[in-house]
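Structure first, then comments.
The values are calculated or read from the model by the stated rules, or taken from the named source; none is laboratory data. These figures come from a predicted structure and were not determined experimentally. Here Cβ is always computed from backbone atoms with ideal geometry, including for glycine, and neighbour counts include all displayed protein chains. Just the protein is used for accessible areas: all its heavy atoms, side chains included, with ligands, DNA and RNA removed. Shrake-Rupley method; radii C 1.70, N 1.55, O 1.52, S 1.80 Å.
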Amino acid sequence: MRYSVLSLIANALAGHRRWAPVWRVPEPKPGGYDVVIVGGGGHGLAAAYYLAKEHGITNVAVVEKGYLGSGNVGRNTTIIRSNYLLPGNTPFYEWSLKLWEGLEQDINYNAMVSQRGVLNLYHSDAQRDAFARRGNAMRLNGVDADLLDVHDVRAMVPALDFDNARFPIKGGLLQRRGGTVRHDAVAWGYARAADARGVDLIQNCEVTGIRVEGGRAVGVETAKGFIAAKKIGLACAGNSSRVAAMAGLRLPIESHVLQAFVSEGVKPMLDTVVTFGAGHFYISQSDKGGLVFGGDIDGYNSYAQRGNLPIVEDVAECAVSLLPRVSRLRILRSWGGLMDMSMDGSPIIDRTPIEGLYLNAGWCYGGFKATPASGWCFAHTIARDAPHELNAAFRLDRFSTGHVIDEKGAGAQPNLH
């Protein structure tokens, strides 16, 4: 069923009893698949969709140990942007933002893409110069960027504390095309679109092993039995190390938990995304009125989807320093995502040394905003057995060759944060 105003009216008149299921609930095919994607999150579902749409490969299965979208795609602060500095990152994230801009029409699903702008605040002359350099690099790559002074920022977000003696706000770098997207809807939309093109979405199917014969991956052992595959793509986020180890691979990543929070609902007070330049903190307001915010990862290795109190306190301190009025609000709920932190803070989309096995991992803080381009490039890499120019820099062997992409020194180690 194609969603439209007419289908909405027709189903409303029928008491909403005729809506078709959003996707099928298939069992694994006995004969196997051309491609099996391990991980039913945003990146895995997007890769499956673009394999079918862009490359005509429809004999594809996505296997997920829980339910679709149960991982990081639904455990983030929903921010999208392409305000990167380095050549390896800027074109990739700009392509992702362009895909976001046309996503809803492409997959016929309301993902609630809201280009409300992303404002990065600066608090010193040196930070202003660094942001000016970043903005110039963005413009040279065709990405929108505006360097604002304190008067521009005050007119845009008057609720900020501009005169804090420790961290006075002096201006900001604004990307107007950035914003937010409803994270759950991204998973549901890609799942529905992939299913419509023949992709099998197999839930509650944990991968317990990867079968390798003669140096080539030939399938995955799962809770529902062995599933043969000509090619296997790993898109497991924070569990990438554990799943890759099943094939004998040791990845240059560590797993950490990243917490996020939402306050009780309030009247509109923040119509853009704001990041704190004097601390790792980012905040926006949801359509339901809650303030959605987050900060640093917890500084220890963990596979838990919950964090600890010191980071809660740190994030709350940053929130009150930037927006004193939020001290009167109650935190409604919090959650944690499992971050696969690479050694240079940039992702990996590449073939592995094992033939037929491909890796999509190491997304650190940037996984959600990269979802469309990640899936698009991963699909290209799997289908063509070679990276696209947009992800050519995201090689697995760059840590041994020295071609790291150190955007801001935000790798796995706590001392880099």
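I need the full set of residues from segment 253-298 which are assigned to a strand (DSSP E or B) and closer than 26 Å to residue 126 by Cβ, in order please.
Once the filter is applied, which keeps residues that are assigned to a strand (DSSP E or B) and closer than 26 Å to residue 126 by Cβ, segment 253-298 yields 273, 274, 275, 276, 281, 282, 283, 293, 294, 295, 296, 297.
Quick one: how many residues across segment 126-152 are more than 29 Å from residue 95 (Cβ to Cβ) and either within 23 Å of the chain's Cα centre (by Cα) or in a helix (DSSP H, G or I) (or both)?
Counting residues in segment 126-152 that are more than 29 Å from residue 95 (Cβ to Cβ) and either within 23 Å of the chain's Cα centre (by Cα) or in a helix (DSSP H, G or I) (or both) gives 3.
Tell me which helices (runs of 4 or more DSSP H) are completely within segment 1-111 and hold 2 or more residues being in contact with a Ser or Thr (Cβ under 8 Å, 6 or more places away or on another chain) and open to solvent by less than 30 Å² (accessible area, probe 1.4 Å), or say none if there are none. So that I can check it myself, show each step before the final result.
Values: elements: 5-13, 42-55, 90-107.
Filter on segment 1-111 gives 42-55, 90-107.
Please go through (1) at pLDDT 95 or above; (2) within 30 Å of residue 137 (Cα to Cα) for residue 87 and return the number of the only condition it doesn't satisfy.
The one condition residue 87 does not meet is (1).
Restricting to segment 253-266, count the residues that are over 27 Å from residue 171 (Cβ atoms) and surrounded by fewer than 19 Cβ atoms within 10 Å (Cβ to Cβ).
Counting residues in segment 253-266 that are over 27 Å from residue 171 (Cβ atoms) and surrounded by fewer than 19 Cβ atoms within 10 Å (Cβ to Cβ) gives 2.
Kindly evaluate residue 116 against the criterion of being modelled with pLDDT of 95 or more, within 25 Å of residue 168 (Cα to Cα) and either over 19 Å from the mean Cα position of the chain (by Cα) or part of a loop (DSSP other than H, G, I, E, B) (or both).
Answer is yes for this residue.
Tell me the residue from 79, 57, 9 that is free of Cβ contacts under 8 Å to residues at least 12 places away in the same chain and among the β-branched types (Val, Ile, Thr), please.
Result of the check over 79, 57, 9: 9.
Quick check on my filter: what residues within segment 330-362 are on the phi > 0 side of the Ramachandran plot and surrounded by fewer than 16 Cβ atoms within 10 Å (Cβ to Cβ)?
none
Taking residue 182 and the conditions (1) open to solvent by less than 10 Å² (accessible area, probe 1.4 Å); (2) more than 20 Å from residue 26 (Cα to Cα), which numbered condition does it fall short on, given that it satisfies the others?
In the conditions (1) open to solvent by less than 10 Å² (accessible area, probe 1.4 Å); (2) more than 20 Å from residue 26 (Cα to Cα), residue 182 misses (1) alone.
So, in segment 274-329, how many residues would count as being acidic (Asp, Glu) and surrounded by fewer than 14 Cβ atoms within 10 Å (Cβ to Cβ)? Step through it out loud before you land on a result.
Here is the first cut: in segment 274-329, the ones acidic (Asp, Glu) are 287, 296, 298, 313-314, 317.
Remaining after also requiring surrounded by fewer than 14 Cβ atoms within 10 Å (Cβ to Cβ): 287, 313, 317.
The number of residues fulfilling the criteria is 3.
Kindly provide the set of residues from segment 225-246 that are surrounded by fewer than 21 Cβ atoms within 10 Å (Cβ to Cβ), over 25 Å from the mean Cα position of the chain (by Cα) and hydrophobic (A, V, I, L, M, F, W, C), ordered by number.
226, 228
Sort out which residues of segment 121-149 are crowded, with 17+ Cβ neighbours inside 10 Å and either under 21 Å from residue 323 (Cα atoms) or among the charged types (D, E, K, R) (or both), and write them in order of number.
Passing the criteria: 121, 122, 123, 127, 128, 134, 144, 148.
Which of the residues spanning segment 24-77 are among the charged types (D, E, K, R) and over 13 Å from the mean Cα position of the chain (by Cα)?
At the first step, the residues of segment 24-77 found to be among the charged types (D, E, K, R) are 24, 27, 29, 34, 53-54, 64-65, 75.
Within segment 24-77, 24, 27, 29, 34, 53, 54, 64, 65 qualify.
For segment 167-190, what are the residues that are of a type in the set (D, E, K, R) and either closer than 16 Å to residue 119 by Cα or in a loop (DSSP other than H, G, I, E, B) (or both)?
170, 176, 177, 182
If you check 189, 171, which single one turns out to be open to solvent by less than 10 Å² (accessible area, probe 1.4 Å) and in contact with a strand residue (DSSP E or B) (Cβ under 7 Å, 6 or more places away or on another chain)?
171
Output the qualifying pairs, or none if there are none: Cβ atoms under 9 angstrom, residues six or more apart or on different chains, first residue in segment 129-145 and farther than 13 Å from residue 177 by Cα, second residue part of a helix (DSSP H, G or I) and not small (Gly, Ala, Ser).
137/90; 140/90; 141/90; 141/91; 141/94
So, in segment 250-281, how many residues would count as being among the aliphatic types (A, V, I, L, M) and under 20 Å from residue 346 (Cα atoms)?
Residues that pass the stated criteria total 4.
Restricting to segment 299-315, give me the number of residues that are in contact with a Gly (Cβ under 8 Å, 6 or more places away or on another chain) and not in a helix (DSSP H, G or I).
Qualifying residue count, segment 299-315: 5.
Every residue in segment 213-224 that is more than 29 Å from the chain's Cα centre (by Cα) and either open to solvent by 60 Å² or more (accessible area, probe 1.4 Å) or within 25 Å of residue 24 (Cα to Cα) (or both), please.
Our first condition is that a residue be more than 29 Å from the chain's Cα centre (by Cα); within segment 213-224, this holds for 213-216.
Matches in segment 213-224: 213, 214, 216.
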